[in-house]
Amino acid sequence: MIFALAGNQNSGKTTLFNQLTGSNQRVGNFPGVTVEQKTGSLTNRSDISIVDLPGIYSLSPYTSEEIVTRDYLLKQKPDGIINIVDATNIERNLYLTLQLIELQIPMVLALNMMDEVQANNGSIDILYMREILGIPIVPITAIKKQGIAELVQSAIDTAQDRRKPERVDFCTGAVHRAIHAVTHLIEDHAARQGIPDRFAASKLVEGDAPILKALRLTENETDMIEHAVKDMEDELESDREAILADMRYQFIEDMCKKCVVKPKESREYRRSVRFDNLLTHKILAIPAFLFIMLAVFWLTFNVIGTPLSRLLESGIAGLSGIVDSALSTYGLNHVVHSLVVDGIFAGVGAVLSFVPIILTLFFFLSLLEDSGYMARVAFMMDKPLRKIGLSGRSFVPMLVGFGCTVPAIMATRTLASERDKKMTIFLTPFMSCSAKIPIYALFTAAFFPRYQALVMISLYVIGIVLGILSSFIMKKTVYKGAPVPFVMEMPNYRLPSLKSVSLLLWDRAKDFVQRVFTIVFLATIVIWFLQSFDMRLNYVGNSADSMLAAIGQAISVIFAPIGFNDWRISTGLITGVMAKESVISTLSVLTGASATELGETLRTFFSPIAAFSFLIFTLLYTPCVAAISTVRRELGSLKGTFFVIVYQTGLAWIVAAAIYQIGRLLGQ
Amino acid sequence: MTLKELKVGKSGRVLTIGGEKVLRHRLLEMGITPHTVITVKKIAPMGDPIELLLRGYVLTLRLEDAAKITIEEVPA
């Protein structure tokens, strides 16, 4: 049995989904925003699956999320719909409910956040509302896991009995007549196309082009519909879209008057206002934002993430030592021994030890997202982002980009216009992803021990500034045209659900470790092979005689103007395209230095200014394979993807060369 | 007058909703329908967008879009 979970954004949908399915989720890899169709099976009932649909506000065909949801419900025909509604914001949430009811799919309404309603001395007459809406209603508090069992039972019962929602007559007068007339007219067509007639009729009256097309009406029938709509518009002296929206909201208002007692201002609202007195304050908002981001980075790199990484690092080193001596005692072939110890342990270990840093960063980012602060950030940043042709909403994917480019680019699906989406995808790789952190950490510690934080921050800032400049150029050339409307809900601040955050972290960890043992693992073996054998496939003791040296040597000329023409560095950068994490592991394997000695070794390869230009190049050059494949999927264009690669790499070379050359001149 | 001209702390009743197709649709589905009472709560630190209270929830809107909504001022 399959249930679709539908509801507005900020209605607690993700929390409910996590409560229902626990860790039995598929495609749960992407943090931030619910973009993908996640599927999961019920915790104790593996025969029942739940499909988490994107958070939407109506079933119109305007955003890709609305279209995905509509197509899924109309074509896949789930056994039932669980519609989650934020009881503290019931009027606007029910707007979607009225349209879902028209789909004639067995449906249960989950009235979420009932604890807040009750705590504020509000109440909802559920029996009465159930009578008006004609569907079962279950009060729940998803975050506290209250009412979940009842909800599941009600959903199963409703679906098993195939109890379709009763027809709700939300309209009166001229609208009623128009919808009635259109329903009669299209009944047969709708049945043939498998579209519920009442849904089709109200959408046609509203002016929904895709439904009109799907019904394959005759010209005569289309004219008759337009005629009926015209009569309605003339009588009400308004237009079709406004009339229907007004009708639905009128109906909801009337119903709420009868069954909802709403507090004038809830505690949560007053609390949010108090927080916002500081966090969106005219003068203090930006410093507060910078403070929060600095705190996140400080906690990640100085307090929590890095020490944990060190711990893991020494653990791996210890294990590597044990394996090393065990293999020696056993007398294993020295080539295989080298593969295990110098190749796999050194390479994979170096990358694996950064898991704590990445998870800590994701932990804080998801706290900011789930608490509602990200919406404030979008609110504050809309004006400057509009100057480069984007909206405040693009800020969230960009911020996620500091964690990982892959989910950041996936998160651009929440953007309403193709143009905004493309520009944000283009801009995101400029936000330095967390996989590059090991490189920064290692180099800054080795070359700029006193100014480590300053150099780190300057890298991030340079990335952002160049991204802004680049998108400014894009705006003036490729992506002309108006940005999308910025009409965004600002939810009350809420305590994030520990379960949601930990599930997300678990997904991230799984995803990262998977990549380490697939892409990175493969990369280390390939690199180990290339650096251990020469062109005639003889095992070489000195990697300077190897195949890799020859390849690296050939391309290192390109890097001479940037200040490093050692084949090991160019090889490291090549492997970085597979995954940025590999840069360090490659350098470690090629120089034969362990993670702890690597910094010392690198000082013999770079002057400080060359080290800085190397960092700039790493910051800007082409995203990793995983990110490129995501860009390809989201842009849907090979040309665009190719452009991203060439642009990033070209810009990286130019900027790094400029910095190195200027720095050298100044240094003399 | 338009919603853009409404001062912080003041309320207005919606008369008409303008704007292009996508914008207009979005305004309607978010509950900005004729007769809805909207209160302006705040202006973003950089002067735009604005924060509105309607139907018991908070919505943000750019000034240029708020200019497309005509209202009559009502006592809060």
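The values are calculated or read from the model by the stated rules, or taken from the named source; none is laboratory data. All values reported here derive from a predicted model rather than from experimental measurement. We place every Cβ from the backbone using ideal geometry, glycine too, and count neighbours over all the protein chains shown.
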### Selected residue (criterion: modelled with the highest pLDDT) from residues of segment A:437-458 that are under 20 Å from A:Phe362 (Cα atoms) and crowded, with 21+ Cβ neighbours inside 10 Å
A:Ile439
### Task
Report whether or not A:Leu469 is surrounded by fewer than 18 Cβ atoms within 10 Å (Cβ to Cβ) and closer than 28 Å to A:Val355 by Cα.
no
### strands (runs of 3 or more DSSP E) wholly inside chain B that include at least 1 residues being out of contact with any Gly (no Cβ under 7 Å at 6 or more places or on another chain), facing chain A (nearest Cβ under 7 Å) and within 23 Å of A:Met381 (Cα to Cα)
B:37-43, B:50-54, B:57-61
### Message
Let me confirm something: among A:Ala378, A:Ala408, which residue is within 14 Å of chain B (Cβ to nearest Cβ) and touching a helix residue (DSSP H, G or I) at 6+ places or on another chain (Cβ under 8 Å)?
### Response
A:Ala378
### Residues that are more than 25 Å from A:Arg494 (Cα to Cα), within 14 Å of another protein chain (Cβ to nearest Cβ) and part of a helix (DSSP H, G or I), drawn from segment A:47-68
A:Ser64, A:Glu66, A:Ile67
### Message
So, in segment A:251-279, exactly how many residues are over 24 Å from the mean Cα position of the chain (by Cα) and in contact (Cβ under 8 Å) with a residue 60 or more places away in the chain?
### Response
19
### Query
When you scan segment A:143-200, how many residues do you find that are acidic (Asp, Glu) and surrounded by 18 or more Cβ atoms within 10 Å (Cβ to Cβ)?
1
### Query
Name the residues in segment A:149-198 that are in a loop (DSSP other than H, G, I, E, B) and basic (Lys, Arg), would you?
A:Arg162, A:Arg163, A:Lys164, A:Arg167
### All positions within segment A:69-99 that are in a helix (DSSP H, G or I), hydrophobic (A, V, I, L, M, F, W, C) and closer than 28 Å to B:Leu54 by Cα
A:Ala87, A:Ile90, A:Leu94, A:Leu96, A:Leu98
### Query
What is the number of the single condition among (1) closer than 22 Å to A:Lys383 by Cβ; (2) assigned to a helix (DSSP H, G or I); (3) touching a helix residue (DSSP H, G or I) at 6+ places or on another chain (Cβ under 7 Å) that A:Ile473 does not meet?
(3)
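Yes/no matrix, rows are residues, columns are (1) closer than 30 Å to A:Ile344 by Cβ; (2) of a type in the set (Asp, Glu):
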position	(1), (2)
A:Phe430	no, no
A:Ile437	yes, no
A:Phe447	yes, no
A:Val455	no, no
A:Ser500	no, no
A:Asp507	yes, yes
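Residues A:Ile179, A:Ile105: which one is more than 36 Å from the chain's Cα centre (by Cα) and either within 30 Å of A:Asp208 (Cβ to Cβ) or among the polar types (S, T, N, Q) (or both)?
That would be A:Ile179, the only listed residue that is more than 36 Å from the chain's Cα centre (by Cα) and either within 30 Å of A:Asp208 (Cβ to Cβ) or among the polar types (S, T, N, Q) (or both).
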### Task
Out of A:Leu352, A:Leu399, report the one residue that is within 12 Å of the chain's Cα centre (by Cα) and aliphatic (A, V, I, L, M).
A:Leu399
### Task
Would you please name the residue that is farthest from the other protein chains (Cβ to nearest Cβ), looking only at residues in segment A:348-375 that are in contact with a Pro (Cβ under 7 Å, 6 or more places away or on another chain) and among the polar types (S, T, N, Q)?
A:Ser366
### Message
Need the failing condition index for A:Met490 against (1) at pLDDT 85 or above; (2) more than 11 Å from chain B (Cβ to nearest Cβ); (3) in contact with a helix residue (DSSP H, G or I) (Cβ under 8 Å, 6 or more places away or on another chain), just the number.
### Response
(2)
### Task
Could you please let me know if A:Phe289 is more than 14 Å from chain B (Cβ to nearest Cβ), closer than 20 Å to A:Leu399 by Cα, under 24 Å from the mean Cα position of the chain (by Cα) and in a helix (DSSP H, G or I)?
no
### Residue count for segment A:213-225, restricted to those that are within 43 Å of the chain's Cα centre (by Cα), within 13 Å of A:Thr183 (Cα to Cα) and assigned to a helix (DSSP H, G or I)
3
